[in-house]
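We did not get these values from a lab; they are worked out from the coordinates using the rules stated. Please read these numbers as outputs of a predicted model, since none were measured by experiment. Cβ placement follows ideal geometry from the backbone for every residue including glycine, while neighbour counts extend to all protein chains displayed.
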Amino acid sequence: MKLNQKVTQQLQTGLRLTQDLGRAIGFLELSNLELAQSLRDTASDNPWLQLRLPSAIADAPAEVAAQGPSLQARVLEALPRLVPRAADRAIAMALVDALAPSGLLGTSPEDIAQQQGVAVARVEAVLTALQRIEPRGLFARSLSECLELQLAEMGPIAPPMRRLLTALPLLSEAGPAALAKAADLGAEDLETLLAQLRELNPSPGQGFSTAPVQTRIADLIFEETDGQWQVRLNPETLPEIALAELGHSPDRGSRLAHERGAALRLIGALERRNRALLALGELLAREQSGFLAHGPAAQRVLTARAAAGQLGMHESSISRLANSASATIPGMGVLPLRAFFCRAVRRDPDAPAQLAAPAVTARIAEIIAQEDPRRPLDDGRIAAMLADAGMAVSRRVVGKLRTRAGIANRSARRRRDD
């Protein structure tokens, strides 16, 4: 056996993640305000960078304290799903602003109705929709209602427990004996039911940050002009950076020359990020004009892959922008860009039209809102009604979307007269 040595050459192509490319990708994962904070730190170390901070944080400290998720941010994220009608969004925002740190409602529906100039029944209907949010108990008007919302999620509430919840304020006012008498309960039954209530959360808002919701300061602004939707970058949150004039050219190979090159590359990366964000906003204005005008009920199917194909970008770049940026929309407030994206309810290529999950969910919520609470509809009947409206989906899909929207099943929705 003879061993031979030989030298071969092989040509391969590949993409190497350089520092500049990594920075450009990282910019896609930042909102305008987060980007401004990052650039402020970078500009302080590079004399060639001239930074103008946006007005939203120009007077803010450089350090951003690490905080837990905001209660308002949690609600705003779920708002399009819970309140699909754009006409009710102002009422919903007033209810959100009325939330106390505990998660209970700090203002009565009557006062909010007077502020908004609408009927009390309409405010209560929106309130009922918001009370489906997790964790259950948020937007309750009292401790009793907060506990009732949590119990209802577990199943039907027995008459003795309902009587106890109705008379619960007497516990702090007059003691257990008065509560037992008002609820028509024996001492042993009272203690058993109170033990069940102690396992619930009387303050569902605890654990959330009470800091202002930074995400409500949008990165993009959508506006309707002559029936056409336009979009622009929000100047109040967008940082501006330029190359500073130091009065002389740096020597080649010097530290100043290196810093100048780094500054130019950073400015280029920022410009590419802003162009990509604006291009995505313009695509959303075209593809989701119905969503912008009428809310989730008019939303079309749109995926990150489809958007990337139209813009000539990578799907991961679209996902990064959608997850980090937000937009202000007339009548709906500020929404994350990911709210514009949704998949089809079914993937049948022979189907005449694709149905967007938010549109079907909105229609399910409308049907359930109009049902007789004593004879609620089952998922099969809802599926039949959707088919009559041109939304042919299965009973299983109805149940899946209903559960995802936080709407209880037929048994839990049935109102019983005790």
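Under the rule a/c < 1.5 gives rounded, and otherwise a/b versus b/c splits prolate from oblate, where does segment 357-413 land using the Cα gyration tensor?
Prolate.
Among 393-399, 408-414, how do they line up from the highest to the lowest mean number of other beta-carbon atoms within 10 Å?
Highest mean packing first, the order is 393-399, 408-414.
Please arrange Ile382, Ile157 by how many other C-beta atoms lie within 10 Å of their C-beta, fewest to most.
Exposure proxy ranking, most exposed first: Ile157, Ile382.
Please list, ordered by chain and number, the residues whose modelled amide H lies under 5 Å from the amide H of Leu355; skip anything fewer than 5 residues away on the same chain.
Val345, Arg346
Scan around Leu220 for amide H atoms under 5 Å from its own, H built in the peptide plane at 1.01 Å from N, and keep only partners 5 or more places away or cross-chain.
For Leu220, the qualifying residues are Asn234, Ser326, Ala327, Thr328.
For Phe222, Phe340, what's the fewest-to-most ordering of other Cβ within 10 Å of each Cβ?
Listed from fewest to most nearby Cβ atoms, that is Phe222, Phe340.
So for His294, His258, fewest C-beta neighbours within 10 Å to most, what's the order? Mind dumping the intermediate values first?
Working: His294 17, His258 12.
Going from sparsest to densest Cβ surroundings: His258, His294.
Compute the length gained on full extension between Glu282 and Asp372: take 0.36 nm times their separation in residues and subtract their Cα-Cα distance, giving the result in nm to one decimal.
Values: separation 90, 0.36 × 90 = 32.40 nm, distance 4.29 nm.
Extra length available between Glu282 and Asp372 comes to 28.1 nm.
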